[in-house]
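To start, the structure under review is shown below, and the notes come after it.
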Amino acid sequence: MKAGIRMSAMLQPRRGETRCLRWALLLCSIACASAAQAAWFHRTEDGIMGTRISVELWEANKLQADQALDRVFDEMRRIDQSMSTYKPESEVSRVNATAAQQPVVISAELFDLLTTAVEYSRITGGAFDITYASVGFMYDFRGRIKPTDKAIAAALPTVNYRFLELDKAKSTIHFARPGVRIDLGGIAKGHAVDRGIAILQGLRIEHASVTAGGDTRIIGDRMGAPWIVGIRHPDDKSKVIARIPLVDTAISTSGDYERYFDEGGVRYHHIIDPASGHSASKVRSATVLAATATRTDGLSKTAFVLGAEKAIEIYDRLGDVDAILVTPEGKVLYTKGLEAP
Ligand code: ADP
Ligand code: MG
């Protein structure tokens with residue numbers, strides 16, 4: 001009302017201009033109303049894929065935000081149902097149960113992810129290897145259970161990504177040896193994050209962050225400023241060793257403090273060296289940055305197995321990957337693309 005009075009005092013439109021002005025006012029009021037309602041919407045849930053999922057997005061409309069969040073969480077549940085080795089009815093469990101006997105027809109989604117997993121094995125010289133599970137299934141970090149050296153030695157010959165025979169034309173997987181097992185725990189969360197982001201992009205959401213455990217992907221900025229992601233100290237989760245400003249990127253952190261138990265001065269944790277069958281301890285934590293969370297998740301295990309220097313060589317050679325690594329001595333090492341703070 002007040003604005004109208006002021007405007008009519010300032011501006012006396014001629015007859016023909018009145019309609020244009022009304023349209024302009026209407027459009028302005030729609031834009032102003034939606035800008036006024038737009039807000040950040042968050043949802044966090046524990047348990048899917050054995051971890052915490054968090055989604056944050058900027059939306060003008062609460063109903064649409066809720067629907068977007070529902071769709072992302074449904075997608076996470078769907079991927080958990082098909083890729084978990086803890087669920088006997090999952091597609092991956094079916095592969096583990098039968099692929100040594102005959103080729104198993106699998107979904108295009110699983111086929112593509114297995115193809116990517118094998119690509120990461122090649123890139124990392126076998127440090128990333130989803131057949132680690134042939135030995136890895138004998139560990140239970142919550143139950144403080146580890147296999148004996150004898151059990152590791154017996155299972156180790158079945159750890160090798162080259163035993164995965166993928167036939168694209170038939171969309172099948174066959175294990176070249178009995179005893180081979182796969183586990184996508186080191187890549188499926190990244191894939192799920194990328195799927196969540198794809199859903200949000202399809203809904204034209206321009207500012208969002210999707211996290212599953214240690215894997216995050218961000219679209220856009222945080223309304224004019226970058227998103228800030230902190231990397232925790234390996235021994236003290238209240239301390240941050242670096243804060244990274246991020247826009248439109250993915251970031252994964254792996255640490256030996258996530259799932260572990262200590263015994264006799266040794267830390268047994270969930271990243272396994274495929275060559276030895278023991279926990280891989282050449283770094284304490286590895287944070288990897290790249291365009292997709294599938295890539296950052298898959299490549300964040302490398303330094304634990306190969307050591308910081310070799311891993312940095314690989315990342316620098318790839319060109320699209322950056323990393324921040326914490327060595328057992330507490331040194332923080334960076335790839336070329338990141339400057340030490
Ligand atoms: P999170 O499970 O929190 O995402 P990581 O991204 O660090 O943690 O992945 C660790 C998981 O990767 C392990 O729990 C296991 O399922 C899997 N994994 C362990 N060692 C290897 C390996 N050498 N290659 C591929 N996957 C691995
Ligand atoms: Mg991960």
Restricting to the range 54-105, what's the tally of residues that are over 21 Å from the mean Cα position of the chain (by Cα) and either within 30 Å of Ala176 (Cα to Cα) or assigned to a helix (DSSP H, G or I) (or both)?
-> 21
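Restrict the check to the range 283-306 and report whether at least one residue is among the acidic types (Asp, Glu) and away from ligand 2 (no atom under 16 Å from the Cβ). First the steps, then the outcome.
The initial filter retains those residues of the range 283-306 that are among the acidic types (Asp, Glu), namely 297.
Imposing the further condition that a residue be away from ligand 2 (no atom under 16 Å from the Cβ) reduces the set to none.
No, that holds for no residue.
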Having 2 or more residues that are within 16 Å of ligand 1 (Cβ to nearest atom) is the bar; report the strands (runs of 3 or more DSSP E) wholly within the range 214-256 that clear it.
-> 215-219, 227-233, 249-255
Asp140 is checked against (1) within 16 Å of ligand 1 (Cβ to nearest atom); (2) in contact (Cβ under 8 Å) with a residue 12 or more places away in the chain and fails just one. What number does that condition carry?
-> (2)
Can you name the residue in the range 102-139 that is under 25 Å from Asp316 (Cα atoms) and of a type in the set (Ser, Thr, Tyr) and, of all such residues, is surrounded by the fewest Cβ atoms within 10 Å (Cβ to Cβ)?
-> Thr115
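Can Lys170 be described as farther than 18 Å from Ser279 by Cβ, among the basic types (Lys, Arg) and in contact with a strand residue (DSSP E or B) (Cβ under 8 Å, 6 or more places away or on another chain)? Step through it out loud before you land on a result.
Details: farther than 18 Å from Ser279 by Cβ: yes; among the basic types (Lys, Arg): yes; in contact with a strand residue (DSSP E or B) (Cβ under 8 Å, 6 or more places away or on another chain): yes.
Taking the combined requirement at face value, the residue satisfies it.
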Check whether at least one residue in the range 199-212 is within 13 Å of ligand 2 (Cβ to nearest atom), part of a loop (DSSP other than H, G, I, E, B) and modelled with pLDDT of 95 or more, and report yes or no.
-> no
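From Asp262, Asp235, Asp248, Asp221, grab the single residue that is under 30 Å from Asn61 (Cβ atoms) and assigned by TED's automatic domain parsing to the domain that holds Val332. Explain how you work it out, then say what you get.
Numbers: Asp262 fails: under 30 Å from Asn61 (Cβ atoms); Asp235 fails: under 30 Å from Asn61 (Cβ atoms); Asp221 fails: assigned by TED's automatic domain parsing to the domain that holds Val332.
Exactly one residue qualifies, and that residue is Asp248.
Would you check which residues across the range 119-133 are more than 11 Å from ligand 1 (Cβ to nearest atom) and in contact (Cβ under 8 Å) with a residue 40 or more places away in the chain and list them?
Those that are more than 11 Å from ligand 1 (Cβ to nearest atom) and in contact (Cβ under 8 Å) with a residue 40 or more places away in the chain: Ile123, Gly125.
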Of all residues in the range 250-278, count the ones that are within 16 Å of ligand 2 (Cβ to nearest atom) and either out of contact with any strand residue (DSSP E or B) (no Cβ under 6 Å at 6 or more places or on another chain) or within 19 Å of Val326 (Cβ to Cβ) (or both).
-> 14
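Quick check, is Val180 part of a helix (DSSP H, G or I), touching a strand residue (DSSP E or B) at 6+ places or on another chain (Cβ under 9 Å) and either on the phi < 0 side of the Ramachandran plot or modelled with pLDDT under 95 (or both)?
Details: part of a helix (DSSP H, G or I): no; touching a strand residue (DSSP E or B) at 6+ places or on another chain (Cβ under 9 Å): yes; either on the phi < 0 side of the Ramachandran plot or modelled with pLDDT under 95 (or both): yes.
Judged against the criteria, Val180 is not a match.
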What is the number of the single condition among (1) more than 24 Å from Lys146 (Cα to Cα); (2) assigned to a loop (DSSP other than H, G, I, E, B) that Lys310 does not meet?
-> (2)
If Thr158 passes every condition in (1) within 23 Å of the chain's Cα centre (by Cα); (2) buried (at least 19 other Cβ atoms within 10 Å of the Cβ) but one, which one does it miss?
-> (1)
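The values are calculated or read from the model by the stated rules, or taken from the named source; none is laboratory data. Every value quoted in this text rests on a predicted model; they were computed, and no experiment measured them. Here Cβ is always computed from backbone atoms with ideal geometry, including for glycine, and neighbour counts include all displayed protein chains.
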